[in-house]
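Here is the structure we will look at, set down as structure tokens.
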Amino acid sequence: MSRPRRPTFDPALPPRAVARMRARPEKLLPASAKSSRRLTWRRGAALTAVGGTSLAAVALLSPAAGAVLMLLLCLGTTMVVLGLVSLKDSFTDDWADLAMHAFWALPVSVAGVAGARLLLEQVVGPLGSVVPGDPTTAALYLTAAAGGTGAIMRPGMVTRLASENADHYVLPEDFGRPYSYASRREEPEAHLFARLQQATDRVEEGIRVLGGSFDADHTLSLLREEEWRMAHELLRLRSLREELLRRGREAVSDQVTRALEPQKEAVDRAHAALSERVGVLAGYGERVHAAVTAHREWEQCQEIADRAAEYADLALSSSQESVHAEELDDGLLSVEAAHSVREELVREAVDAGASLSAALRRGQDRDGDQSG
């Protein structure tokens, strides 16, 4: 396993938000894009609500603005339709595609706005004798404001969640070269983090496969906290290592190169320390993986033993020679042996998890005391 394969989330995030973002990782923002965010989703929703309400007020107070407001609403609806098309379909790759779609999107939008206006006239039409402006157009803008604000702020919107929680997850892309192979020498932090993620994934698999015999929920939560903490440590180490490599390439003399040696040694020591910590966690993950493999081996042997009688009947009916009982019992012996191995490995994994949990908890308490 050479690369991180999935996002890592802050354990403090709500589980439902994490589940939604994990299901749509392509919506998450890499570190290079997080600093360039301009408009937050809450501000966008507020601007939508204020803008729609303001234009509704204009429609009520100014009869002459009705035609212009209807034109703006049709154009705005067209932009929304084109935006939805560009999000849903893969054939809108550039502005030329969007321009082509505008030829049908504009008439559809005009028809939609006209139809909505006809419906609202039945409800708010009588208000025309009370207010000086156009209550139907005002109602359209209020509806657009409410609908737009609700669409932006709906709880399950992954794009909004990804933007609001951009500082609470780390992506594989943040470690460089997301879609091509990088050697352990080129991206050592990425390889370390991949091993750490693999350990967490193996414990999750163990809980799912082994069931009640493997109670590791507490250990898993500590592993997730450690994965999140080490993600930032590894990213920081990667940034410093790349800075040293750049300074080394730009060095104009041996004196500059020698001046970089203490910093290189500090980076090497930090990498060795992190490698040791990851090795401990990865070793626990390997124990759990061995227990899962033994469990599946036992299940498969049990399935074979369950079919032993059918195969024995087939052998008796197709052969004139008697079938020895000891040969038929081999499957049962395999089941017993596999079950014994499974129980032993699960017990070892549980004990290792208890020891690891205690060590991680002591480390977190020590870090908390130092920061305090």
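The values are calculated or read from the model by the stated rules, or taken from the named source; none is laboratory data. Only a predicted model underlies this, so the values are computations on that prediction, with no experimental measurement involved. Cβ sites come from the backbone with ideal geometry, for glycine too, and all protein chains shown count toward neighbours. These accessible areas exclude ligands, DNA and RNA; they are computed on the full protein's heavy atoms, side chains included. Shrake-Rupley method; radii C 1.70, N 1.55, O 1.52, S 1.80 Å.
Just checking, does segment 203-219 include any residue being outside the structural domain of L55 (by the TED database), without any contact (Cβ under 8 Å) to a residue 60 or more places away in the chain, within 17 Å of the chain's Cα centre (by Cα) and open to solvent by 20 Å² or more (accessible area, probe 1.4 Å)? Within segment 203-219, one or more residues are outside the structural domain of L55 (by the TED database), without any contact (Cβ under 8 Å) to a residue 60 or more places away in the chain, within 17 Å of the chain's Cα centre (by Cα) and open to solvent by 20 Å² or more (accessible area, probe 1.4 Å).
Mind checking which residues of segment 346-372 are open to solvent by less than 90 Å² (accessible area, probe 1.4 Å) and modelled with pLDDT under 65? Scanning segment 346-372 gives D367, G368. If you go through segment 285-301 and keep only what is touching a Gly at 6+ places or on another chain (Cβ under 8 Å) and without any contact (Cβ under 8 Å) to a residue 60 or more places away in the chain, you end up with just C301. The residues of segment 221-241 that are more than 21 Å from A272 (Cα to Cα) and surrounded by 16 or more Cβ atoms within 10 Å (Cβ to Cβ), listed by number, are L222, R224. Taking the numbered list (1) of a type in the set (K, R); (2) at pLDDT 90 or above; (3) over 30 Å from L192 (Cβ atoms) in turn, R287 passes all entries but (3).
Which pairs have Cβ atoms under 7 Å, sit 6 or more apart or on different chains, and link a residue in segment 58-87 that is outside any helix (DSSP H, G or I) to one that is crowded, with 19+ Cβ neighbours inside 10 Å? Every condition considered, the pairs that remain are S62/G133. Among the residues making up segment 265-278, those that are within 26 Å of the chain's Cα centre (by Cα) and open to solvent by less than 30 Å² (accessible area, probe 1.4 Å) are L274, V278. Going residue by residue through segment 129-145, is there one that turns out to be in a helix (DSSP H, G or I), modelled with pLDDT under 85 and open to solvent by 70 Å² or more (accessible area, probe 1.4 Å)? Taking every residue of segment 129-145 in turn, at least one turns out to be in a helix (DSSP H, G or I), modelled with pLDDT under 85 and open to solvent by 70 Å² or more (accessible area, probe 1.4 Å). Please tell me if L244 is touching a His at 6+ places or on another chain (Cβ under 9 Å) and open to solvent by less than 80 Å² (accessible area, probe 1.4 Å). So L244 fails the test. For segment 232-275, the tally of residues that are among the basic types (K, R) and under 16 Å from F193 (Cα atoms) stands at 3.
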